[in-house]
Structures are given as structure tokens and as C-alpha cells.
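What follows is a short report on a single structure.
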Amino acid sequence: MIRAFLSRQSQIIGALMMREMATRYGRRGGGFLWLVGEPLLFCVGVILMWVFIRHRGQSDVAVAPFVMSGYMCLILLRHSISFSISAVNSNIGLLYHRAISPMHFFVSRSVLELAGTTLAFIVVYLALLVLHQVGVPSDWLYLYGGWFLMWLMATGTGYILSGLAMRSDVMERLVPLVSYAMIPLSGVFFMIDWLPEAVREKYLLIPFPNAVEMVRAGIFGDMVTTHFNVGYAIASALVLLLAGLLLIRNAEGYLDVE
């Protein structure tokens, strides 16, 4: 019974992911490749800009892996939020099918975003590896763990904002502002070690910098000093995700599909 249920849900989510790829990127012109190409071009452009305008002697941290790790985490965060907000409105006509619920839209977009951004991260990393701008990751567990926790946090945040937006049109208009506010709170533009010691612990109460620091610890290893709390990051990610799921579930009654 459970196996049949899970199989049915995976089929629905898989079909929605294929539909999402076709509607978002088109059936021609690269399709899924653009899912990778968009963050790839953005990240490479920023890296090149930093390499040319920033003097190498200003910091012991290599520019390319620092920018790559930060901007890929930022892309994952912002895309997860923005695509969650539009998940229902873009697919509301499909709710006439009784087997489909709003949660299917959110899950399919979240998994698609994880797949696309992760693939872009891998491609960027391999490109920098070939160019001798980065080395092999020092700790794969921190790299994988930090990246996955960042996705959970981003997904949970997107779900929370989406659940609130489903209840109020005003909240839907405020989401872009909240998304921009996430940028300085994400910790992608600097290392936590650069902050004054009195500020570090307070800043790490924000969940996102913990995940970003884990990713950087996985890439740089002992070459840099990182600060994070794995237990707090896991707990925060699960709380954000659970809160988001509950808000979306309870907001379904606000939808007008007629």
C-alpha cells in the first residue's frame, strides 16, 4: 500500500518536473542545459569580475573558490524562494486533477532546483579545477552536507514565504524585498572569521551562514578558518522545512481554482 502510494507520488512529481522544464526553458534552445547554463554564466561572470578588480594580496582566501562557493549558495537560496512563490499560480489549472495537490508543485520545483543548481556547481567546480583555480575538495562530507542543508533551509524559507503569500496578496508583493534582505543575511560575501569576535556567535544564529561555512570548509579545508555549528544547522533546516510544509498545507483552503 505504502509502496504503491510512493510510486504514484513519484510519478506525479516526475511528470510535473518534465512539464516545468518544458514551460520554463522551452522544448528547444537547450532545454535542461539552460537550467545549468543560467547559474553557470552568472557565477563565471562574477568570478572574472572579482579576479580582475580585486588584488590577490588583499586576502589569503583564493578569489575564485570563494566567489564560486558564495554565489552558488546564493543562487540556490534566491531561486528556491522565487520559484516557490510562483509554484501555485503557474500551475493552478492542474488542480482540476484530483490526484494533484499544491504540495506536488512545490516539491517538483524544489527537486528540480536542487538538481539544476547542483549540476551547475559541479560544472563550475570542474572548470576551475581544470584552470588550476581550485583544488580537490578537502572534506567531501562538509561540502555535501553544507550544500544539502543550504537547500533544505532555502526550500523551507521558500515554503514559509509561499504559505504566507497564499494567504495575502500584500505578502506576495513583499517577498521580493524579503528575498533581497536575505543577501546580507546569507553570509556569502565574506567569511565569518572576518567578523569581530563579539559578532560571530550572534551572526551564526542566522541558519544560512552555517551552511555556507560548511561548504567552504569542505572546499578550503585547513587553509582558512571557518565557524559553524552542524547541530544547529540541521535543527534549523528541519524547523524551517516543517514550518513551511505546515503553512502550505494549511493555506490550501485559500486557493480559488474556479
TODO: Could you compute the FRET efficiency for L177 and S138, with r as their C-beta to C-beta distance and R0 at 45 Å, rounded to 0.05?
DONE: 0.75
- [ ] With +1 on each Lys and Arg Cβ and -1 on each Asp and Glu Cβ, and nothing else charged, work out how big the dipole of the stretch 39-254 is about its Cα centre, in Debye to the nearest 20.
- [x] 420 debye
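Nearest 0.05, what FRET efficiency do L119 and A198 give at R0 = 51 Å with Cβ-Cβ as r? Walk me through the intermediate numbers first.
On the way: r = 40 Å, r/R0 = 0.78.
The value I calculate is 0.80.
With viscosity set to 1.567 mPa s at 4 °C, what whole-number translational diffusion coefficient in µm²/s follows for the chain from Stokes-Einstein and a Kirkwood radius over Cα pairs? Show your work: numbers first, answer last.
Numbers: Rh = 19.4 Å.
Answer from the Stokes-Einstein relation: 67 µm²/s.
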Task: Tilt relative to the chain, helix 207-220 - C-alpha long axis, 0 to 90 degrees, to 10 - done: 50 degrees
- [ ] Step through the residues of the stretch 98-104 one at a time and calculate ³J(HN,Hα) from phi using the Karplus curve (6.51 cos²θ - 1.76 cosθ + 1.60, θ = phi - 60°), rounding each to whole Hz and writing x for Gly and Pro.
- [x] 5, 6, 9, 10, x, 4, 4
- [ ] Grab the DSSP H runs of the chain that are 4 residues or longer, score each as -39,500 (n - 2.57), total them, divide by all residues and round the 222 nm result to the nearest 500 deg cm²/dmol.
- [x] -25000 deg cm²/dmol
- [ ] Taking the Cβ of each residue in E213, E172, E197 as the centre, tally the other Cβ atoms inside 10 Å and list the residues starting with the fewest.
- [x] E197, E172, E213
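Coordinate-derived values only; no laboratory data. Just so it is clear, the model here is predicted, and its values are computed rather than measured. Cβ sites come from the backbone with ideal geometry, for glycine too, and all protein chains shown count toward neighbours.
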